[in-house]
Every structure is written in C-alpha cells, then in structure tokens.
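**Q** Here it is: the structure, laid out below.
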Amino acid sequence: MSALHCPECGFVNAEGANYCQKCGAFLGDVSGDSEDTTITYQVGDTGELTPVDLDRVVAEGATLVIRSGGGRAGESFALAGERTAIGRSPDSEVFLDDVTVSRNHALIVRRRDGLHIDDLGSLNGTYVNRSRIESHKLVDGDELQVGKYKLSYLER
C-alpha cells in the first residue's frame, strides 16, 4: 500500500489513514476489512488493563471508546461528570498523547438536553461524523476524531 492522496485537497497522507491530516476529509475505508472487533478495557491507577463489559458500562451512562489511534483501541472512558476534558494535557480525563491534539482540545459538557462536545479553539479541530465542529450535541453512535484518535460515543 502506498501514500493516500486526499480527494478534497490533494494532501499526501500516510498509508492506513482514514482522514486527511490537512483538511480532515474522509479518505474511505482503506483497510477493506470492516469486520474488525475490538476488546474494550480501562487503564487502572497502576497502568494495568482491565477488561470492560461494554454493554454493562454503557447501561450505566454515556461512554467514549477509542476505536483507533495511538495503539489504544478499545480503551473506554465513562462520561459520568458534568464536564470531561479531552486533550494532550496529562490532567485531561481523556488524555490523548499526539502532537496534533491541543493540550486543552475539547470539552464534553452535560447540558439540559444532553451531552455536547465543544472544541476549545484547537489548532487542528474536532470532528464529529467527519465534519469539523465548534459545538455538537452527541447522540449514540457518533464518531469523533481528535488528532489521530477516532472515538465512538455510546449511550443507551
């Protein structure tokens, strides 16, 4: 497989990329394998990986699951509080270690009508369902992209 050219802006992206690094456009399913399954886990306080029953976790409330990026596919984050910070800062509840992720990249906020994701003026943007957003009300199944990380938003 070789480098991928973005159909929108022509930027040359690394092989295996699903989104253009420059403009964020969807590059298509380059793997051809859409039947992948992912084991979901949480990282404990001492760094150990603990398997998660995703159906049970989602039944307790909203959850973000990393689908790809950074070798962390399957890691999940319960969205139980009023605010959940996403960024490159180690203090973020959803810590994404990637130079294309701003230190304080995005914030998930609980409002009267549900959970919303707000971009915090990040340089490379926050994408929901392949569209760059400033603010977006999350619904079950939304696909988020922050830097090289692709995450799924799940709720029941």
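**Q** Evaluate the charge dipole of the stretch 77-150 about its Cα centre and quote only its size in Debye, nearest 20, assuming +1 on the Cβ of each Lys and Arg and -1 on the Cβ of each Asp and Glu.
**A** Working: 11 positive and 12 negative charges, 22 e Å.
Magnitude of the dipole: close to 100 debye.
**Q** Let me ask another. Put a dot 7 Å past each Cα toward the Cβ at ARG72 and ARG103; how far apart are the dots in nm?
**A** Modelled inter-label distance: 1.8 nm.
**Q** Counting other C-beta atoms within 10 Å, and keeping those with at most 12, which DSSP coil GluC sites (Glu not before Pro) do you find in the stretch 67-156? If you can, show how the numbers build up before the last one.
**A** Working: sites: GLU75, GLU82, GLU93, GLU134, GLU143, GLU155; in loops: GLU82, GLU93, GLU134, GLU155.
Of the GluC sites (Glu not before Pro), the ones in loops of the stretch 67-156 whose Cβ has at most 12 other Cβ atoms within 10 Å are GLU82, GLU134.
**Q** According to a simple spin-label model (label point 7 Å from Cα along Cα-to-Cβ), what is the distance in nm between HIS5 and ALA80?
**A** 5.1
**Q** Give me a comma-separated list of calculated 3J(HN,Hα) values for the stretch 84-89, in order, Karplus coefficients 6.51, -1.76, 1.60 applied at θ = phi - 60°, integers in Hz, x for any Gly or Pro.
**A** 9, 7, 10, x, 7, 5
**Q** Calculate the FRET efficiency for GLU134 and ALA17 from the Cβ-Cβ distance with a Förster distance of 30 Å, rounded to the nearest 0.05. Walk me through the numbers on the way to the answer.
**A** Values: r = 24 Å, r/R0 = 0.80.
The formula returns an efficiency of 0.80 here.
A short reminder: the numbers here are calculations on the coordinates, not readings from a lab. Just so we're clear, the structure is a prediction, and the values are computed from it rather than from any experiment. Heads up, the Cβs are rebuilt from the backbone with ideal geometry, glycines too, and the neighbour counts pull from every protein chain shown.
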